[in-house]
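The values are calculated or read from the model by the stated rules, or taken from the named source; none is laboratory data. Because the structure is predicted, anything quoted here is derived from the model rather than measured. Reconstructed Cβ throughout: ideal geometry from the backbone, glycine too, with neighbour counts over all protein chains shown.
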Amino acid sequence: MNAETLRSTTKKKVPRTAFHNHTGQYPDISQREPITVTKHGRPDITIVEAAYFERLAAGQILAVFDLNAADADQMPDAHRDLFEAAKPSAEEIGQDVWNDDAAP
């Protein structure tokens, strides 16, 4: 999986129950695309091909991206609003349920 493939790949999302019930099919799929297993709608674990993980661990993958750490106080208001909108409510936290897909 090269950098362009990684950028254009939409990770396949699979609920934990489906993963548990059909474990055998996911190693083959993960050779073609990353698979994110979700728990309560939130990403829990991601399965990728071993070669990708080895490149990631060696720092070869992240070097392709132009990533910069920034202080939260330097974050644009639009980004800060998106983070705030994605936070689960106190009720959702209390009930251990939420829906990440509902965010804009």
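Among the candidates 39, 11, 87, which residue alone is within 14 Å of the chain's Cα centre (by Cα), surrounded by 10 or more Cβ atoms within 10 Å (Cβ to Cβ) and modelled with pLDDT under 85?
11
For residue 17, work out the one condition from (1) at pLDDT 90 or above; (2) surrounded by 15 or more Cβ atoms within 10 Å (Cβ to Cβ) it doesn't fulfil.
Among (1) at pLDDT 90 or above; (2) surrounded by 15 or more Cβ atoms within 10 Å (Cβ to Cβ), the lone unmet condition for residue 17 is (2).
Given (1) touching a Lys or Arg at 6+ places or on another chain (Cβ under 9 Å); (2) outside any loop (DSSP other than H, G, I, E, B), where does residue 33 come up short, assuming only one miss?
Result: residue 33 fails condition (2) only.
Just give me the residues in region 45-64 being assigned to a strand (DSSP E or B) and surrounded by 13 or more Cβ atoms within 10 Å (Cβ to Cβ), in sequence order.
Listed by number, the residues that qualify are 46, 47.
Any residue at all in region 42-64 that is more than 30 Å from residue 96 (Cα to Cα) and touching a residue at least 60 places away in the same chain (Cβ under 8 Å)?
Looking for residues that are more than 30 Å from residue 96 (Cα to Cα) and touching a residue at least 60 places away in the same chain (Cβ under 8 Å), one finds at least one in region 42-64, hence yes.
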